[in-house]
Amino acid sequence: MTTPPHEGAPAAAPAPAALAVRHVTHEFGTRKALDDVSLTVPAGSFTALLGPNGAGKTTLFSLVTRLYDNRSGAIDVLGRDVRREPAAALSALGVVFQARTLDLELSVLENLLYHAALHGIGFAAGRRRALELLDVDGLADRARDKVRNLSGGQMRRVEIVRALIHRPRLLLLDEPTVGLDIASRAALVALVRRLVAQESLGVLWATHIIEEIAPGDRVVVLHRGRVRADGTYEDILAQADATELGAAFLKLVGDGGDTAAEAAA
């Protein structure tokens, strides 16, 4: 009897997570900024890292991007350890930091082409990719405008395009809507959610704004350097026995005081 080809064949290895952080602690002198932090961002998912200012979100991003060295635990980007294989790990990563870093005197397209060149992408290929992403972003008609002539929301959208120019599989955004009005904030969140679907990105979106998180999202609650909850939006509500996320956050952090109220506001 002939065995069908699929029988007895080894099972395919599961695809690695876009980001896996395992037991990471980080200290600044005697202050522990992160305390045994573990979390996962699945490929093709929108994961919100929710916590007030000072929770440790920016420290975590600095460790993932190698601005700081993680001396404990492990951080993998698409299965690549950021300490042992930094070039391979960082090549799969795009990041938008809280501070804006575009060159205001260059045009939108010039900013993007410069970033493409840093990733070894030739002029023609970089230009095609930049214009393709600007079209998705709705900014194709501003490609030749100087960045200083854009609104704050438009600058943020250009930074997201720049972060995607080399086709990363993981996108980190650290408080990307700070300083934006309500309409610009909503447009930016919608853009990133669209890119998750179109580009199959894993996204880690750090925020202290509850309204930026939607049912179905994955949520990691970070407070005072510790993960207080990790799961789907619905899991977080169930764990806290709450009907809305702001109330769930306040229950989970317990002792948050003013900083907890800020995140729930």
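Tabulated data
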{"item": "Residue match in segment 44-64 (condition: within 14 Å of the chain's Cα centre (by Cα), surrounded by fewer than 16 Cβ atoms within 10 Å (Cβ to Cβ) and of a type outside the set (Asp, Glu))", "result": "yes"}
{"item": "Filter result for residue 162 (within 24 Å of residue 49 (Cβ to Cβ) and part of a helix (DSSP H, G or I))", "result": "yes"}
{"item": "Selection status of residue 183, assigned by TED's automatic domain parsing to the domain that holds residue 206 and assigned to a helix (DSSP H, G or I)", "result": "yes"}
{"item": "Criterion (farther than 23 Å from residue 89 by Cα and among the aliphatic types (A, V, I, L, M)) met by exactly one of 117, 124", "result": "124"}
{"item": "Test: residue in segment 125-139 that is within 30 Å of residue 22 (Cβ to Cβ) and either modelled with pLDDT under 95 or more than 19 Å from the chain's Cα centre (by Cα) (or both)", "result": "no"}
{"item": "Members of segment 168-193 found to be in contact with a strand residue (DSSP E or B) (Cβ under 9 Å, 6 or more places away or on another chain) and closer than 28 Å to residue 122 by Cα, listed by number", "result": "168, 169, 170, 171, 172, 173, 192"}
{"item": "Matching strands (runs of 3 or more DSSP E) fully within segment 11-55 where at least 3 residues are closer than 18 Å to residue 73 by Cβ", "result": "19-28, 31-41"}
{"item": "Close pairs (6 angstrom Cβ cut-off, 6 or more residues apart or separate chains): without any contact (Cβ under 8 Å) to a residue 24 or more places away in the chain in segment 115-142, surrounded by 17 or more Cβ atoms within 10 Å (Cβ to Cβ) anywhere", "result": "140/134"}
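The values are calculated or read from the model by the stated rules, or taken from the named source; none is laboratory data. Note that the structure is predicted; figures quoted are calculated from it, not measured. Quick reminder, even Gly has a Cβ in these numbers, built from the backbone with ideal geometry, and neighbours come from all protein chains shown.
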